[in-house]
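Written below as structure tokens is the structure these notes are about.
Laboratory data are not the source of any read-out in this text; all were calculated from the coordinates shown. Computed from a predicted structure; not experimentally measured. With ideal geometry, Cβ positions are generated from the backbone for all residues, glycine too; neighbour counts draw on all protein chains shown.
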Amino acid sequence: MIPYLVCDNFRAATEHSYPVGVHVMMQRNMTNVNAPTNISAPNCLIVGAGPTGLVAAHELARDGIRCRLIDKDAHRATQSRAIAIHPRTVETFELMGLAEAFLAAGQRIAAVSTYGDNRRIAHVGFGSLDTRYPFVLGVPQDQTERILEEHVGRLGVTVERNTELVGLTQHGPGIQARLRCGDRVEEVEADWILGCDGAHSAVREKLGISFSGATYPEHFLLADIKVEPDLDHNEAQVWLHGDGPAAFFPLPEGRWRLIVGNSPPEWRDEPSLAQCQALLDQRGPGGLRLVDPRWISVFRIHRRIAGHFHQDRAFLLGDAGHIHSPVGGQGMNMGIQDAFNLAWKLSLVIGKNGNPALLDSYEAERRPVDEAVVRQTDRATRLVALHGPVARFIRDHLMSLMTRIPLVVDRLGEGMSGLAIDYRGSPIVEDHAMGAPGPHAGDRAPDAVVDDRQGVPIRLYQLFAQHRHLLLLVGAGGASPSVMPELGQPTVAVRHITAPGIAGGDLFDRTGETAARYGSGDMAYLVRPDGYVGLRCARNDLPNRLPAHLAKLFSPT
Ligand SMILES: Cc1cc2nc3c(=O)[nH]c(=O)nc-3n(C[C@H](O)[C@H](O)[C@H](O)COP(=O)(O)OP(=O)(O)OC[C@H]3O[C@@H](n4cnc5c(N)ncnc54)[C@H](O)[C@@H]3O)c2cc1C
């Protein structure tokens, strides 16, 4: 039987016990004279403290990796910008230990209703999504950044504001960056640099990486506002109109995000409340009065993608790597997923014995996902912006018909939620049980409730949240082959889920949820620290498959 390697104090136990080579790397970086003392020798320089940089810093710091997180702005942004946190991002926050803070701050949005010619033509609900969080969470981006920054601070990383990256060179074993901090200039060395510095990324520019794409011709009006009489806060509402759509998204505290497409290009950056009202009267349902605006703005949107996300010791994440239409509210969610995907790999390579080739999988996994979002949001933007009456008539009728089919509604909800994103084509995932029920290698590992030996319920996501690889053995079959001692991988925990009363398990599938989601055969799933299945095979095939798979992830010690 496989010995269990689960240890609740795992992180505390390993934080200060890096392999010797890593200590040597840390000692090398001592030329950074102005950094706070606790991070005087950063392994990672993270440029940009937006949502992407904050998530990267959180995850690296959680693993004891030394980070500097810099931002050129003097203060955290106060504009709400991204307001939609999708279900997979809430799950990600759960894996980071932050879901409760976000749930407390957010407005749950259960559905999106779309109206055309004053009748509802489509209703897409999220209630049937197979997640603990079947809703979109409305949280203004300034609040998202506040929550993330507070938690990053608790891990000992302070955002260094007024600190702008102005120069960057890469040399073999690291990077050299030039930072401008007010009237001082500081030279910094680090092992890695993460460009989380937004659409106008200096990291991308210094690396000479292209950012090709296009700008949409339309202007969009955006306001954070209240509405009288109030609308249903459980739903986002979109009105399609020949001159451009108008949409309301619920925010906390009874507020709404109003977005109106194709606003007059001659309007200045901050249109008046009267101008917003006039546009809504023309495009919306009528009879709504806008009051108490907190922020009104006009913006243009772009779709662009960087030529590379990874160059030697530098990475581009979030808006630095890709920007697209805000239709569907994906931008911030994609940046957070970029950071979550890269952080565990980088943390293994820096802090443990992760195979450096792991880092190539960042771009291999994220580029197809980010490219698909750029494509899909482009199509959706064109669709909602249709002007001609015939095209609009066809669109509205098709939308109305299609969204009466439950399967279509489920697919639309899944697509928006981020739950359907997978890494099946990745060089570091392996499926040796094609056709078997349950998640494929590369898929998100679903949650389920199981009982421990004392009969106390525990969710699989609580186990995944421990941020290391977890080998889940499922099925009623007897003892499992002993493979772990030879591998000597303390970063892999093992749990064995059986039906109640079956010998050999340490977790019990009393509710049948594990069997329903992972299949009832004797299977093994290696779940990665980001909650995706890295390897799937039959349990009795594990001795053949697991060593070779782990050799892709870890270098020999
Ligand atoms: C009006 C609007 C509405 C949006 N609505 C949504 C939505 O509903 N849902 C959604 O998911 N997305 C939305 N987005 C997109 C979302 O805001 C971005 O995708 C998100 O902010 C990207 O996060 P980021 O951390 O990658 O970059 P940013 O948030 O742009 O952060 C980059 C940070 O880097 C700093 N920086 C830049 N250059 C340097 C430098 N040289 N040195 C140091 N620091 C630097 C900046 O000061 C900034 O703090 C919206 C965007 C806009 C503009």
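Here are a few things to note about the model shown:
- Cα-based helix-to-principal-axis angle, 406-417 vs the chain, degrees rounded to 10: 80
- Among beta bridges that DSSP assigns inside the stretch 430-553, antiparallel share in %, nearest 5: 60
- Take each peptide in 267-279, 142-154, count the other Cβ atoms within 10 Å of every residue, and average; sorted highest first, the result is 142-154, 267-279.
- Relative counts (whole %) of C-alpha pair distances in the stretch 251-375, using bins that are 10 Å wide: 11, 31, 23, 18, 12, 5, 0
- Residue-wise HN-Hα couplings along the stretch 213-227, as the Karplus relation 6.51 cos²θ - 1.76 cosθ + 1.60 with θ = phi - 60° gives them from phi, are x, 8, 10, 6, x, 6, 9, 10, 9, 9, 9, 9, 7, 10, 10 Hz; Gly and Pro carry x.
- Relative contact order (percent, whole number), the stretch 430-553, Cα cutoff 8 Å, 6+ residue spacing: 35
- Annotation: peptides 132-139, 282-289, ranked by per-residue average of other Cβ atoms within 10 Å with the highest first, follow the order 132-139, 282-289.
- Potential extension, N118-I405 segment - 0.36 nm per residue separation minus Cα distance: 101.2 nm
- Label separation (A274 vs I394): 4.2 nm, computed from points 7 Å beyond Cα along the C-beta direction.
- Sequence-separation-based contact order of the chain, relative, with Cα cut under 8 Å and 6+ spacing, percent: 16
- Inter-part distance where the stretch 425-451 and the stretch 178-208 are each reduced to a Cα centre, Å: 38
- Average Cα contact separation per residue, the stretch 269-308, under 8 Å, 6 or more apart, as relative contact order %: 51
- Ranked by how many other beta carbons lie within 10 Å on average, peptides 96-107, 163-174, 449-460 from highest: 96-107, 163-174, 449-460
- Computed helical MRE - 222 nm, the chain, DSSP H runs ≥ 4 contributing -39500 (n - 2.57), nearest 500: -9500 deg cm²/dmol
- Shape call, the chain: gyration tensor on alpha carbons, a/c limit 1.5: oblate
- Classified by the C-alpha gyration tensor, the stretch 430-553 has a rounded form. Its axis ratio a/c, with a ≥ b ≥ c, is below 1.5.
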